[in-house]
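Heads up, the thing below is written out as structure tokens.
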Amino acid sequence: MTVGVSVKRKEDARLLVGAGRYLDDLTAPGLLHLAVVRSPHPHARVLAVDRRAALAGAGTVAVLTVDDLPELAGSIPPLVPTPTIRSYAHAVLAGPVVRHAGEAVVVVVAEDRYRAADAAERVRVEYEVLPAATTPASALARGAPRVHPDWPDNLAGRNCVVVGDPDRGFAEAAVVVEGDFVYPRMTGVPIEARGVFAVVDPLSGVLSVWSSTQVPFAVRSAIARVLGLPEDRVRVRTPEVGGGFGVKGHAYPEDVLVPAVARALGRPVKWTETRSEHFLTAAGDRDQAHHARMAVRRDGTIVALETRFTRDHGAYPTLGEAITLNTINHLPGPYRVPAYRATGDNVVTHKTFIAAYRGAGRPEAALVLDRLLDRAARGLGMDPAELRRRNMIRPDEMPYRSGLSYRDGVPIAYDPADYVSGFDRLLGRLDYAGWRKQQRERRGSDRPLGVGLSVYVEGTGLGPFEGADVRVDPGGTVFVRVGVAAQGQAHETTLAQICAERLGVPLAHVVVLGGDTELVGFGMGTIASRVAAVAGPAVAKSADEVARRAQLVAAEQLECAPEDVVLAEGRASVRGVPDRGLPLGAVARAAVRSRALASRGSPGLSACGFFYPDSVTWAFGAHGAAVEVDVETGAVRLLAYAAVHDCGRAINPMVVEGQVHGGIAQGIGAGLQEELMYDDAGQLLTATLMDYALPRADQVPPLGVEHLEHASAVNALGIKGVGESGVIAPGAAIAGAVEDALAEYGVTVDRIPLTPARVFELLRSARRRHS
């Protein structure tokens, strides 16, 4: 057995000794470096470009605009085409109008990156500055400047759902609580920023592109569409990728810009993003503002839930309605909510476009839901843990149908699980009762304690498919080729574990290859907590077919029945006679000419299969946090953090734990310090790591994490996705803990992050109200 075992990661050996190769390590003879001149204005008309000083600089090869490369006026296709979202054009190079600060206007190419950067600073662009709408409120106001002039307003689309009779529920409730809640714009900060390297292969003429992306097939499609090439004449590969977190989960203008310039100049070209460029132009996420309310009976039973919210997409709704629908579908959480109404307005503004960042709509839902639950508990005089427990869906109600449909159009049905038991395990792991006791003892001090809880559900393993090609080499090595790319998730280990178990070979004999559009015909990408739950079953399906083929061929060689062939330890042997057998590599050599495979329709020990899930598979989790708040300075100290989560069948528990730990750390950053901030003119204020604060190691307490394994009902392996699980709840749990700590001061928490300055202002406002 290899599945379920915490084997060491296969990929770490090369990474730890510096043998990995990242985008910026790639080079080629005659390599040119590219820099981008970006608009300093959120909305402006480009009047003229003076490139003379830039071209006069030593080493400058070219200074190009959309007039020089007219194909770059073509639009980057959205990752998720959505008929209900208004169509728009997202040009590779802007002109004549820019729609956000940082949009690419001119490209400079030079012999090295320093000369390229110097030349870019010497380009002079004349702009006519235009009025800008930089918030959803200003964008939806009457007479607002339009982001896209062919639209009648700045509303890209609206998503509405209704379940049951919310009006009746609110009218009959004993307690109704409401609030205005904000989950601000933030971004993933992978240790490696984005980058693209491109060259035209001189022998084949194929445009070869390397990109630090999560979605190589989407990048290939974008390049082919904009440049007017057949997709088979574009090959996209990923080298080692130093983190993605959704920020690299769609095609960017630079993914097309770099290969377009390489093709035009006939030389290899490379662009690597600076950290300031990343903050300015890489797509962040969140940026939702909700007005929400909840109705409960006197015994705490939820009778109605409602939200109306905006999502600020920035200039281009790159993911359409996907994240908005994620929030709507996840907001009821693991609770029985008989009546529910949600309306999400997808708004465009003159800011950098956003897309998906780890969690992708779910952390916003958790923040809103848990703020309402805590306030309802306070209104009822009930312990917030007890209120949650009373409303949780019971095991005998599974598979529970929420009345909603997922964004793939399939009615939502939660996978069978025991939410109440999981929640109680969380309370024990956190020592909820012990922290409540300490809280009472510290009441009235200048450093009160608070406890926050958040319980959530998560749709994982989004389709429509993933594929895997499994081949046994005559030397005995098993090669697994997949359509997904890795950014640290241990695909080379976990997918190998699945294959090794199905074929009965040592794990060391399995090599997983991905991140290359030539390995398999199609792939969707490493997004949406989907690789283990979708590519994993595809690997199992292909490996099972290879195993059947091996049994047929070995039976022919060993003169026995196929059902008597046993595959184990890299050999095919006769059941009960282990010494009578062949190495799997020898079976692979024989399989090329074996007549035994005529019934399978092709020779060789190889198979390429695809897995199509019916819909997502539903996981859940529960998190708890204990905090201390200094009422003099507003500083929040996280004292304890615990989590339980359901990942279905864990392929590698150590990898699962690492995923959850990383997600929690990012969620702690969201709760305490991370925010992309803009001024009223649409200028980014947090463009460096001095301004955008990431959590440090000393801000993350020991994390008590427990895995629960409720098998998926969607795939035969029982796997659920886990990549985003850890990040969903921390912001909500920390917000609840801080509000709980400061309840005696009359403080209510409506947004995160809870920086010392924000907490100080909350306390000062509460004191003013009291006085």
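The values are calculated or read from the model by the stated rules, or taken from the named source; none is laboratory data. Only a predicted model underlies this, so the values are computations on that prediction, with no experimental measurement involved. Please note: Cβ atoms are built from the backbone with ideal geometry, for glycine as well, and neighbour counts cover all protein chains shown. Please note that ligands, DNA and RNA were not included when accessible areas were found on the heavy atoms of the full protein model with its side chains. Shrake-Rupley method; radii C 1.70, N 1.55, O 1.52, S 1.80 Å.
Worth pointing out:
- Among the helices of the chain, those built from whole DSSP H runs whose Cα atoms reach 24 Å or more along their own axis and whose mean Kyte-Doolittle hydropathy is at least -0.5 are 362-380, 536-558, 653-672.
- Rg to Rh quotient for segment 303-423, alpha carbon positions, Kirkwood Rh: 1.01
- Net charge, Lys248 excluded, C-beta distance under 12 Å - Lys, Arg +1, Asp, Glu -1: -2
- Alpha-carbon gyration tensor eigenvalues x 5, square-rooted, for segment 383-457, Å: 34, 14, 9
- Lys/Arg +1, Asp/Glu -1 at C-beta; the chain dipole; positive extreme among Val219, Val714, His509: Val714
- Using the Cβ-Cβ distance between Leu155 and Val17 with R0 set to 51 Å, the FRET efficiency works out to roughly 0.45.
- Each of Leu507 and Arg233 was given a label point 7 Å from its Cα along the Cα-to-Cβ line. The distance between the two points is 4.5 nm.
- Calculated accessible area for the chain comes out at 37 Å² per residue, all protein chains present (probe 1.4 Å; ligands, DNA, RNA ignored).
- Relative intensity of the chain on a log10 scale, I(q)/I(0) at q = 0.06, 0.07 Å⁻¹, equals -0.40, -0.54, per a Debye sum over C-alpha point scatterers of equal strength in the absence of solvent.
- Stokes-Einstein translational diffusion, segment 54-199 - Kirkwood Rh over all Cα pairs, 1.567 mPa s, 4 °C, in µm²/s: 64
- Straight-distance candidates among the lysines for linking to Lys248, with alpha-carbon spacing under 30 Å and chain neighbours fewer than 8 residues away dropped: Lys8, Lys10, Lys270, Lys351, Lys541, Lys720.
- A Cα-only calculation for segment 645-771 places Rg and Dmax at 18.6, 62 Å.
- Förster-model FRET efficiency, 30 Å R0, Ala433 and Ala766, C-beta, rounded to 0.05: 0.60
- Charge dipole magnitude, Cβ of K and R +1, D and E -1 - segment 570-640, Cα centre, debye nearest 20: 1200
- Element breakdown for segment 623-771 at a 1.4 angstrom probe: carbon and sulfur atoms account for 55% of the accessible area.
- Simple Cβ-charge dipole of the chain, Lys/Arg +1 and Asp/Glu -1, about Cα centre, in debye nearest 20: 260
- Summarising the amide proton neighbourhood of Ala44: residues at separation of 5 or more, or on other chains, whose placed amide H is nearer than 5 Å comprise Val98, Leu130.
- Accessible surface of segment 420-469, 1.4 Å probe, proportion on carbon and sulfur as whole %: 46
- Centroid-to-centroid separation of segment 323-355 and segment 221-278 [C-alpha atoms, Å]: 31
- Apolar share of the accessible surface for segment 1-94: 59 percent from carbon plus sulfur atoms, 1.4 Å probe.
- Semi-axis lengths, Å, segment 88-150, gyration tensor of Cα atoms, sqrt of 5 times eigenvalues: 31, 12, 10
- Oblate is the label for segment 1-52. Its Cα gyration tensor axes, ordered a ≥ b ≥ c, give a/c of at least 1.5 and b/c at or above a/b.
- Cα centre as origin, Lys/Arg/Asp/Glu Cβ charges: segment 135-204 dipole, Debye: 260
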